[in-house]
Amino acid sequence: MKVQGANVFITGANRGIGLALARRARDLGAAKVYAGMRNTAGFSEPGLIPVQIDVTDEASVQAAVRAAGDVTILINNAGIGAVKPDALDPGVEAQSREMFETNYFGVVRVTQAFAPVLTQAAKSAIVNVLSSVTWLPAPFLTAYAASKAAAWSYTNSLRQTMQATSTSVLALHVHFVDTDMTRLFDAPKTQPDDVAQQTLAALEAGQVELFADDTARAAKATLSSEHALYLAPQPAH
Ligand SMILES: NC(=O)c1ccc[n+]([C@@H]2O[C@H](COP(=O)([O-])OP(=O)(O)OC[C@H]3O[C@@H](n4cnc5c(N)ncnc54)[C@H](OP(=O)(O)O)[C@@H]3O)[C@@H](O)[C@H]2O)c1
């Protein structure tokens with residue numbers, strides 16, 4: 001699927017990975033780049049069309065579909081992250097509900113709302129921004145990891161659902177990226193522009209999954225091993 005000439009809608013495109021994806025899509029020659037965001041006030045970026053969308057709000061999502069009824073590439077990027085000390089912390093249940101509302105139900109809600117638009121195009125695509133934490137236990141990220149694992153599962157069901165349609169489905173798996181979400185973490189981070197470049201290149205190459213850094217690649221590569229990273233996490237190399 002070529003980005004050039006496509007109409008791209010990205011959720012959470014006012015900052016971080018979403019903004020990098022929007023800029024990259026514009027620079028690759030997308031016909032329209034709809035930058036979805038909760039608050040459009042004051043957003044101004046050449047070539048990007050701000051569209052209000054809160055992925056947790058059905059009415060907001062439906063209004064976004066009406067505002068962008070010609071989308072051919074949907075990128076489910078909006079997400080939230082937060083930490084708790086570990087999996088036994090009493091706050092994990094409430095935090096999980098909050099994470100799932102955005103990171104899982106948000107993806108389902110936005111995908112289902114845009115699906116009729118996407119499937120009417122001759123060629124279209126959905127990109128879901130997931131995480132290596134799907135396969136890497138980090139107790140402080142228990143709730144976030146569960147929500148991303150659920151979104152990964154949905155992505156796989158969605159890919160099979162869409163097989164008979166014009167819509168392809170790409171999953172992006174990446175470890176730490178240098179955005180507001182990880183500003184408190186002292187760890188190696190990939191730059192958002194790098195992730196955006198790789199993601200849209202993977203989309204154009206027809207890939208169904210992208211592992212955008214060494215940690216994500218290692219997490220997937222060891223899944224069938226006795227020493228799978230999810231059983232015994234080790235530093236990435
Ligand atoms: N950074 C990482 O290390 C990393 C790694 C793997 C995957 N990811 C995933 O990458 C995606 C983007 O994260 P990021 O690192 O760019 O984080 P970020 O800088 O914190 O940006 C998050 C974006 O999501 C938006 N958002 C949050 N809740 C929303 C909602 N209910 N409706 C619409 N938009 C909402 C935010 O909007 P506001 O400005 O209104 O808050 C913001 O635009 C997320 O799905 C995240 O889980 C991040």
Residue selected from region 68-81 under the condition assigned to a loop (DSSP other than H, G, I, E, B) and in contact with a Phe, Trp or Tyr (Cβ under 7 Å, 6 or more places away or on another chain), by the criterion most open to solvent (accessible area, probe 1.4 Å):
GLY81
It is to be established whether one or more residues within region 40-55 are in contact (Cβ under 8 Å) with a residue 60 or more places away in the chain and open to solvent by less than 30 Å² (accessible area, probe 1.4 Å).
no
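Of the residues that sit in region 119-155 and are of a type in the set (A, V, I, L, M) and closer than 18 Å to ALA202 by Cβ, which one is nearest to the chain's Cα centre (by Cα)? Full working, then the answer.
So in region 119-155, the residues of a type in the set (A, V, I, L, M) come out as 121-122, 125-127, 129-130, 133, 136, 138, 141, 143, 145-146, 149-151.
Cutting the leftovers down to closer than 18 Å to ALA202 by Cβ gives us 125-127, 129-130, 151.
Numbers: ALA125: 13, ILE126: 10, VAL127: 7, VAL129: 2, LEU130: 5, ALA151: 9 Å.
Within region 119-155, the match that is nearest to the chain's Cα centre (by Cα) is VAL129.
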Please find, within region 58-72, the residue that is farthest from the ligand (Cβ to nearest atom) out of those that are more than 10 Å from TYR34 (Cβ to Cβ) and touching a helix residue (DSSP H, G or I) at 6+ places or on another chain (Cβ under 9 Å).
THR72
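Mind telling me which of the residues ARG109, ARG97 ends up being open to solvent by 20 Å² or more (accessible area, probe 1.4 Å) and in contact (Cβ under 8 Å) with a residue 12 or more places away in the chain?
Working: ARG97 fails: in contact (Cβ under 8 Å) with a residue 12 or more places away in the chain.
Being open to solvent by 20 Å² or more (accessible area, probe 1.4 Å) and in contact (Cβ under 8 Å) with a residue 12 or more places away in the chain holds for just one of ARG109, ARG97, which is ARG109.
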Scan region 184-204 residue by residue and report those that are open to solvent by 40 Å² or more (accessible area, probe 1.4 Å), near the ligand (Cβ under 10 Å from one of its atoms) and at pLDDT 95 or above.
LYS189
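The values are calculated or read from the model by the stated rules, or taken from the named source; none is laboratory data. What you see is a predicted model; the values in this text were computed from it and never measured. No Cβ is skipped: glycine too gets one built from the backbone with ideal geometry, and neighbour counts run over all protein chains shown. Remember, those area values only see protein heavy atoms, side chains included, never the ligands or the DNA or RNA. Shrake-Rupley method; radii C 1.70, N 1.55, O 1.52, S 1.80 Å.
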